[in-house]
């Protein structure tokens with residue numbers, strides 16, 4: 001029962017206070033577009049240097065969890081993901097808010113985040129060493145196929161015209177090639193500028209492509225930003241719980257997908273949420289509702305991205321290999337505290353590790369009431385603020401958030417430029433989602449492909465490299481299912497009615 | 001353009017002179033802005049965080065750490081000289097980056113634009129294999145590579161990076177061919193090694209410290225064996241002339257007054273003698289080096305010549 005004593009240790013008043021503060025601070029930072037979970041952790045890390053390592057870890061874990069969750073606020077209310085992890089939350093979150101169900105969407109996102117967060121944290125507590133091996137079994141070729149699986153989502157995100165969706169995705173992939181190539185070091189499409197040498201930052205693209213069109217529409221149309229129901233309906237917790245219970249398999253599947261993808265060092269919350277979304281849509285009885293405000297879309301995306309928190313800590317703590325960029329910062333903070341992660345951590349400093357794991361579970365549970373209250377507050381502010389204040393307010397935040405990424409005005413220019421292009425494309429029927437899909441998945445697909453090609457050529461088994469590995473085959477099968485299942489199902493249904 | 005800069009220079013100098021006249025330890029007069037051109041949590045950031053406590057003890061003021069990430073550090077370095085030059089702004093530097101990036105001809109700074117004032121640490125190149133690899137020694141590695149040229153896949157972080165420099169230099173000296181597979185960031189690189197996606201990894205001693213008994217270091221690029229790894233030979237012992245790695249230090253905007261440069265550099269040299277700092281760095285696999293203000297120029301010139309050769313090897317200079 002030694003483990004239980006760690007649980008009691010985690011429950012000191014200071015630690016509970018830190019968890020509460022961390023969740024609140026993280027949620028607020030995460031909700032602001034441009035200020036990502038990684039940045040929240042980076043900015044608040046120095047504040048934890050005065051704490052005991054165990055308490056510092058709890059604070060950082062809570063900030064991180066809160067920030068990943070907070071990204072859903074702006075995704076649902078303003079159609080702009082607050083962090084890249086919330087990209088897939090915009091697909092159904094904003095349509096729900098638009099039709100007047102913003103309060104329900106926020107409560108669903110809260111429930112899903114807590115559920116995903118708990119699955120990830122419990123996996124960290126109970127299954128860390130075996131799951132860490134998953135991270136290692138994932139080679140370049142698996143990353144490549146995973147990105148391809150993600151790209152199959154383009155069919156779902158095209159809003160009608162598959163051709164236009166594919167054009168958007170191609171544009172996104174093209175943006176992803178800008179800058180210095182990791183493999184080979186060539187610079188591509190920089191047009192002699194300095195700004196583009198490092199490539200187009202995903203968050204810059206996100207803010208430009210999602211937020212600028214929203215802003216333009218906000219000032220160009222007289223309608224209210226989102227529909228508001230006259231009656232006060234509170235949190236709509238009962239309704240949300242009922243929906244959540246009906247979708248329990250979706251929640252579990254998405255949480256597991258999030259945990260596993262969180263473990264992979266080169267993936268992250270955005271990809272986890274996108275893949276979970278694709279799977280939820282494929283498994284759904286009503287895939288046609290996805291993208292038009294389906295609660296299942298929010299549940300999938302939000303449970304998966306919060307599950308990556310616990311998942312990401314698995315390789316961070318057991319292997320000393322950070323699962324996400326935010327984990328890398330926490331790892332650095334641990335080094336400053338004199339805690340060495342890696343193979344020996346569990347033996348040498350198990351007290352800190354277990355205190356942290358219970359602290360993470362505690363923070364995730366606390367996120368339920370805290371998130372509901374914060375979400376309510378965010379919703380009320382968005383509907384109470386008149387458009388004349390809301391539009392410049394959001395505009396200010398987009399510029400501030402973009403500037404904060406690299407402290408660079410050039411990024412702001414790039415964001416505005418992409419925003420203009422995004423707005424024009426949107427008018428032409430090319431929605432922003434497939435473009436962003438290309439931007440996020442392009443680099444992973446490219447690197448995985450080239451690395452697998454290099455390794456496959458060196459070992460003289462190129463075909464076996466791409467099509468001979470069990471995990472790869474599983475992912476290829478999943479991608480094929482996503483692509484061809486609708487057609488097959490229709491055919492099958494057609495034959496049935498013909499009989 | 002010349003005139004305002006001179007005035008700025010003169011003003012900064014005057015302020016400093018005034019401050020210096022007040023008392024000997026009046027500089028710095030406020031917290032130092034320390035710009036890190038890499039992500040939080042990386043080697044440069046961890047070093048800066050560890051330097052802060054002794055810096056505060058010695059100088060009476062702390063750091064304001066800022067991150068200016070992008071283009072492998074070039075985003076920050078190309079702006080260094082436009083930052084305030086009153087001695088209260090410094091920027092982390094990384095070698096070989098400062099030499100190799102300008103050779104590729106696309107970044108907006110030249111190596112000689114960067115006023116390095118102190119180089120304080122080194123992460124030595126290390127050739128690393130999984131602990132259970134059949135390759136046990138550097139001789140095994142060379143023999144394996146000679147048997148089927150190109151068949152050994154070796155991971156490293158980035159292209160035209162310190163890791164690739166090590167791979168090319170070693171292969172040339174040993175007369176072998178291997179396949180270099182670049183990854184993004186040390187995390188992904190190390191995961192590829194532990195997962196046996198590749199046969200070996202060109203990394204630093206810091207990787208071997210973090211991974212402990214999961215990995216074996218075949219050799220290390222130092223003059224003498226590393227304190228933490230008394231059983232691991234140096235490349236030199238094995239007859240291969242590979243000594244070096246990634247050096248880190250600090251630079252200042254070029255108009256920073258001479259006196260401030262010297263004083264700041266002195267403080268960083270003294271931080272290296274702080275025993276608590278020393279221990280934390282050495283336990284992490286870092287090697288502290290002391291290239292103070294007077295030695296920086298010859299040090300940079302010497303390395304610069306070496307990197308022209310390496311640039312040729314990488315195909316960056318014709």
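Looking at the range A:42-57 only, could you name the residues that are away from chain B (no Cβ under 12 Å) and farther than 15 Å from residue A:332 by Cβ?
A:51, A:52, A:54, A:55
Considering A:475, A:435, A:471, which residue is surrounded by fewer than 20 Cβ atoms within 10 Å (Cβ to Cβ) and assigned to a helix (DSSP H, G or I)?
Within the list A:475, A:435, A:471, the selection yields A:471.
Is it the case, given these coordinates, that residue B:46 is closer than 25 Å to residue B:276 by Cα, facing another protein chain (nearest Cβ under 10 Å) and surrounded by 20 or more Cβ atoms within 10 Å (Cβ to Cβ)?
So residue B:46 passes the test.
Among the residues of the range A:326-344, what is the count of those that are facing chain B (nearest Cβ under 7 Å) and part of a helix (DSSP H, G or I)?
6
Within the range A:157-175, can one find any residue that is touching a helix residue (DSSP H, G or I) at 6+ places or on another chain (Cβ under 6 Å), away from chain B (no Cβ under 14 Å) and outside any helix (DSSP H, G or I)?
Yes, the range A:157-175 has at least one match.
Within the range B:165-187, track down each residue that is at pLDDT below 95, surrounded by fewer than 23 Cβ atoms within 10 Å (Cβ to Cβ) and within 7 Å of chain A (Cβ to nearest Cβ).
Listed by number, the list holds a single entry, B:184.
Out of the residues in the range A:404-438 that are free of Cβ contacts under 8 Å to residues at least 60 places away in the same chain and over 15 Å from residue A:200 (Cβ atoms), state the one that is nearest to the chain's Cα centre (by Cα).
Only one residue fits best here, namely A:407.
Does the range A:406-423 hold any residues that are over 12 Å from residue A:208 (Cα atoms) and surrounded by fewer than 21 Cβ atoms within 10 Å (Cβ to Cβ), and which are they?
Matches in the range A:406-423: A:407, A:409, A:410.
Output the number of the condition that residue B:210 fails; it satisfies all remaining conditions of (1) at the interface with chain A (Cβ under 9 Å from one of its Cβ atoms); (2) not in a helix (DSSP H, G or I).
If we test residue B:210 against (1) at the interface with chain A (Cβ under 9 Å from one of its Cβ atoms); (2) not in a helix (DSSP H, G or I), just (2) comes out false.
Check off (1) more than 15 Å from residue A:211 (Cα to Cα); (2) more than 14 Å from chain B (Cβ to nearest Cβ) for residue A:94 and give me the number that stays unchecked.
Condition (1) is where residue A:94 drops out.
Among (1) more than 13 Å from every other protein chain (Cβ to nearest Cβ); (2) over 17 Å from the mean Cα position of the chain (by Cα); (3) under 25 Å from residue A:197 (Cβ atoms), where does residue B:90 come up short?
Residue B:90 satisfies every listed condition except (2).
Could you check residue B:315 against (1) modelled with pLDDT under 95; (2) in a helix (DSSP H, G or I) and say which number it fails?
Here residue B:315 clears every test but (2).
Considering only residues of the range A:185-205 that are in contact with a strand residue (DSSP E or B) (Cβ under 8 Å, 6 or more places away or on another chain) and outside any loop (DSSP other than H, G, I, E, B), which is nearest to the other protein chains (Cβ to nearest Cβ)?
A:187
Which one is surrounded by the fewest Cβ atoms within 10 Å (Cβ to Cβ), of the residues in the range A:12-34 that are modelled with pLDDT of 85 or more and not in a helix (DSSP H, G or I)?
In this case the residue turns out to be A:12.
Which of the following residues is over 25 Å from residue B:282 (Cα atoms), buried (at least 20 other Cβ atoms within 10 Å of the Cβ) and free of Cβ contacts under 8 Å to residues at least 60 places away in the same chain: B:75, B:151, B:108, B:85?
B:75
Return the residues of the range B:239-254 that are more than 18 Å from residue B:204 (Cα to Cα), part of a loop (DSSP other than H, G, I, E, B) and touching a helix residue (DSSP H, G or I) at 6+ places or on another chain (Cβ under 7 Å); say none if nothing qualifies.
Once the filter is applied, which keeps residues that are more than 18 Å from residue B:204 (Cα to Cα), part of a loop (DSSP other than H, G, I, E, B) and touching a helix residue (DSSP H, G or I) at 6+ places or on another chain (Cβ under 7 Å), the range B:239-254 yields B:253, B:254.
For the range B:33-43, give me each residue that is crowded, with 22+ Cβ neighbours inside 10 Å and modelled with pLDDT of 90 or more.
Listed by number, the residues that qualify are B:34, B:35, B:36, B:37.
The values are calculated or read from the model by the stated rules, or taken from the named source; none is laboratory data. In this text, all values refer to a predicted model and were calculated from it rather than measured experimentally. Note that each Cβ is placed from the backbone with ideal geometry, even for glycine, and that neighbours are counted across all protein chains shown.
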